[in-house]
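Okay, structure first, notes after.
The values are calculated or read from the model by the stated rules, or taken from the named source; none is laboratory data. Keep in mind it's a predicted model, so treat the numbers as computed, not measured. As a convention, Cβ positions derive from the backbone with ideal geometry for all residues, glycine included, and neighbour counts pool all protein chains shown. Surface areas here come from the heavy atoms of the whole protein model, side chains and all, with no ligands, DNA or RNA. Shrake-Rupley method; radii C 1.70, N 1.55, O 1.52, S 1.80 Å.
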Amino acid sequence: DIQMTQSPSTLSASVGDRVTITCRASQRISSWLAWYQQKPGKAPKLLIYKASFLEDGVPSRFSGSGSGTEFTLTISSLLPDDFATYYCQQYDSYLYTFGQGTKLEIK
Amino acid sequence: QVQLVQSGAEVKKPGASVKVSCKASGYNFTAYYMHWLRRAPGQGLEWMGWINPNSGGTIFAQKFQGRVTMTTDTSISTAYMELDRLTSDDAALYYCARSRVSGTHYFQFWGQGTLVTVSS
C-alpha cells in the first residue's frame, strides 16, 4: 500500500497569511494526487486533482504542485472560510489512500 | 446537477450488519463507478471499495474483503454498501462518492454521509 504522510498535522495561521501543506507518498505516484477540504459536519470538497489542476469553482488562491513523491497545497492569502481540515489522496494505484489530514486553525 | 443522497443514521450492536444506501441523480448512473469511504472519529478518510454499476463488478480494500458487500439497483439509481460483523472500530461516518471523470478514482461528488454507531 502507498502511504501518504501530510505535514504539519496542525497549522495555526491568520487571515491573509500564505500557507503551505506538504504531502509525501511512500512511492512514486506521478501526478495522481488530489487535495480535499473538509469542514465539520460536511463531506469533503475536491480542490485540486492531478496534483495541480484546480477544480471548477475553487478560488485561485488555492494551488497545488509536485510530482513523484512530494506535493504541496498552497493557499496564497487565507480567508476566514479556509479554516478547515485538508487531505491529500493518491489515486495512482488501488488501494486509494489519504493523508491523515492537516487541520488549519485560526491563530 | 449531480446529487448523492444517503440513508439516515444507524445504531447497531456489535456483530450485526449495516446497509447504507446512496441514491444518485443528475447523471447517467451506470457510467461512473460508485465508491464508498469512511471516516472514523479522530481518524482520516479511508477508502473501502468501488462498484461498477454497469457490470456489478467490485473492488474492495483488502481490509474489508469478506465483510463488505456492494450492490446497485440501476432501476432506481441507487448503490448499497453492507458491512457485516460490526465492531466498535466500524463506528464512522460512511460516504458514497463519485469520480469527476469516469474511470478515475478521485472524488468530485459526495453523499452527505451516514453515521454508523456501534454500541451494545
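Just a few scattered comments:
- Taken residue by residue and averaged, Cβ atoms of other chains lying within 10 Å of the Cβ of A:75-84 number 0.
- R0 of 30 Å, Cβ-Cβ distance residue A:31-residue A:107: FRET efficiency to nearest 0.05: 0.40
- The contact between chain B and chain A removes approximately 1700 Å² from the accessible area (both sides summed; 1.4 Å probe; ligands, DNA and RNA excluded).
- Amide N of the stretch B:90-120 lying under 11 Å from the label point, which is placed 7 angstrom from the Cα of residue B:13 along Cα→Cβ: B:119-120
- Beta bridges per DSSP, both residues in chain A: antiparallel share near 90 percent.
- For the protein assembly as shown, the fraction of alpha-carbon pairs lying more than 27 Å apart is 33 percent, rounded to a whole number.
- In terms of accessible area, using a 1.4 Å probe and ignoring ligands and nucleic acids, B:90, A:1, A:92 rank largest first as A:1, A:92, B:90.
- Computed from backbone phi, the HN-Hα couplings of the stretch B:85-93 come to 6, 5, 10, 4, 5, 8, 5, 5, 9 Hz, rounded to whole numbers (Karplus: 6.51 cos²θ - 1.76 cosθ + 1.60, θ = phi - 60°; Gly and Pro given as x).
- When chain B is treated as a GNM with alpha-carbon contacts under 10 Å, the residue of B:68, B:20, B:11 showing the greatest mean-square fluctuation is B:11.
- Alpha-carbon Debye profile of the stretch A:48-97, log10 I(q)/I(0) at 0.16, 0.25 Å⁻¹: -0.51, -1.08
- Here residue A:107 is the anchor, and the lysines within straight C-alpha reach of less than 24 Å, apart from those fewer than 8 places off in the same chain, are A:39, A:42, A:45.
- Exposure check, 1.4 Å probe, all protein chains in place: residue A:20 carries approximately 70 Å² of accessible surface.
- Using a Gaussian network model of chain B in which every pair of alpha carbons under 10 angstrom is joined by a spring, one finds that among B:66, B:42, B:57 the greatest mean-square fluctuation is at B:42.
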